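I have placed the structure first, in the form of structure tokens, so that the comments after it can refer back to it.
Please treat every number below as a calculation from the coordinates, not as lab data. Bear in mind the structure is a predicted one, so any value in this text is a computation, not a measurement. Here Cβ is always computed from backbone atoms with ideal geometry, including for glycine, and neighbour counts include all displayed protein chains.
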Amino acid sequence: MTISNLIRLSLCILTSMLFGLFQLKSQNVSEKSLPEIQSAEQLIIEGVNVISMLSDAISYNQNVYISKGVIDSIIPSKYQLHETDPTTLVINGKLKFLIPGLMDAHAHIDEVFTGEFYSDAPIYLSYGVTSLINLNGNKRILDFRNGLSKGSIEGWYPRIFTAGNYINEPFFTSPMEVENEVIRQVEAGFDLIKTHGSLSSESFERLHNVSNKNNIPVIGHAPRNLSISEVWKNKHNLAHGEEFMYTAFQPIITRQWQILFFAGILSLIALVIIEVFHLFFHLILKKKKLHRFKTRFYSGKVILAHFVFILLFLFSVPPVNGYFFDSVLVRIVLILLLFSMGILFFKNVNDVKTIKTFRYRAINLLVLLLLVSSFYLTVQSCKTLPWYIDKVATKAKEAEIFVCPNLTAYHYIALHHNDSLLKEIRARKEMNLINSYSKEWWDREAQTGRNIKKIIAKGFIRQKELLNCTTRALFDQDVPLLAGTDTGIPWVIPGRSMHEELEFLADTGIPPYEALKTATLNVAQFLKKDSILGTIEKGKYADLVLLDANPLDNITNSQKISAVIYRGQYISSEMISNTLSIIEENNN
């Protein structure tokens, strides 16, 4: 080996050693550990006001006894029936309010969304979310859930209930493939089944039949290739309230209408090209005036009529249709206008002079396609009127389904076009809880299709209003709602977003108690775990949140957290504050 090679080798070894030392030093500095949760075999919360969630009544001045992570008894504080020993942890609950731990019914915890598996778990717990439903699972998440259940994994990790991988085409195409996958997930131990995409009617029905037979709940998107009647028939629980927008209010994505919709789009493009060409050719190149056109078809009136058709079609294309016009009268006028245009069109095509050539026949066919598409889509827009929303809510009640409105998720989706609001969101203190991986991904998502979303921004705002109206209609019909946030998507902060969801639900007119129910008892009932979770009762898990103010007076009081009791372990507000500070420091 030459001297030069020895020098190179020495430099490489020295560089590697220095780099390793730097990495070790950086890791020691950045990875500050979280405080250890205070645990005790027995806990007593003295003099607390209990909101059990069995009703909206408050049991004042109660002592809650907890033993080994389970509620042992709840008795008025004037009675002292339990003997305590020095190891018992006594918590002062006077003038405070106790609610069950919050449950996020729609979360994603895998590294695809966060860059690191379940890295946001302490944030959930700090905001009082003691359980969550992960709606896209795998063996790793299942093993982690089992470790939490058995107690072999401890720390700042809320309880996990997880679905397996999505069941939909093209991964599972036949009823037998769907059945085998459901059985596989049941035998593996997953808690629920998640659908996310198209399925044939036969496969969709088989999925629900096999799931019901195995007593495992199903939730997911409504198959876009099927009608809303399939959701009612199979009692399919919905993971997004916006699914109604695609299946009940504007079912243009179903297969029977896709051809018509795209035919309308193609005819629109073709007519625009034809009109622009003729205007340019006749008026500019040939310098001819409109009144000198030899055929009635290209008279000024007909050209104007074509542009009216084009405008009407644009107004009828989602997401504009149903949201551009608030007035019922305007929608009726639009339909009548289309109808009258149709009469004039058919009168025009009966004129032999205008259809004597193939060119005119082809153009008339395009106009016909545009007319039919516009008329259909405009009629569909009437399905967003209050009477039809109530009809859909009634059907959901009759089908006995659970619905997760996901108001928070759609709120942030609708804001992607608004630069000033996104700037405010980025400046929030809570954004310091989000790691750099998620922040970069969120920024990329915000830029994707940003200009397009700006064009149809008004439509997105109307859709958000429609989602709010639908949520209230579902509540009025006693459809059980689930508070879920779809954490993982841009700007939805774990834990914090649960309180936003409760606020959005209350903003629709849902009373605070009923809003809280969507994040406690309803979720437990959906999971068929209401014997152990969802309310404050003897024998149930001691997953609790201690509040400084009454959430039934104002739902925002759910954010005034004095302590979180999780598996019988005590997490004080000071510990929560310290934990969040450490997370911010580690991220930055």
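Distance between the modelled labels on E398 and S577, one decimal in nanometres: 5.5 nm (7 Å Cα→Cβ projection).
Using only alpha carbons, segment 429-560 has a radius of gyration to Kirkwood radius ratio (Rg to Rh) of 1.02.
The dipole here belongs to segment 102-260: it is taken about the Cα centre, uses +1 on the Cβ of Lys and Arg and -1 on the Cβ of Asp and Glu, and is about 320 debye. When the C-alpha to C-alpha distance is required to be over 29 Å, the pairs from K395/K464; K397/K560; K68/K429 that qualify are K397/K560; K68/K429.
With the highest mean first, a sort of the peptides 220-233, 509-522, 85-98 on other beta-carbon atoms found within 10 angstrom per residue produces 509-522, 220-233, 85-98. In a DSSP loop and with at most 16 other Cβ atoms within 10 Å, the chymotrypsin sites (Phe, Trp or Tyr not before Pro) in segment 116-177 are F117, F171. For segment 427-435, the Karplus equation 6.51 cos²θ - 1.76 cosθ + 1.60, evaluated at θ = phi - 60°, returns couplings of 7, 4, 4, 5, 5, 5, 7, 8, 6 Hz by residue, with Gly and Pro reported as x. Applying the Karplus relation 6.51 cos²θ - 1.76 cosθ + 1.60 with θ = phi - 60° to segment 53-66 yields 3J(HN,Hα) values of 6, 6, 7, 8, 6, 10, 8, 7, 6, 10, 9, 10, 9, 10 Hz, where x marks Gly and Pro. Using only the Cα atoms of segment 485-525, build the gyration tensor, take square roots of its eigenvalues as a ≥ b ≥ c, and label the shape rounded, prolate or oblate: rounded if a/c is under 1.5, else prolate if a/b is larger than b/c, else oblate. Cα axes put segment 485-525 in the oblate bin. For the peptides 182-192, 401-411, residues were scored by their other Cβ atoms within 10 Å and the scores averaged per peptide; the highest-first order is 401-411, 182-192. For S73, nonlocal amide neighbours, meaning residues 5 or more places apart or on other chains whose placed amide H falls under 5 Å from its own, are Y65. May I ask which of K213/K529; K391/K529; K139/K540; K194/K517; K32/K150 have a Cα-Cα span longer than 20 Å here? Check vs 20 Å cut-off fails for K391/K529; K139/K540; K194/K517; K32/K150. Taking 0.36 nm per residue of separation and subtracting the current Cα-Cα distance, fully stretching the chain between I58 and R426 would add 128.6 nm.
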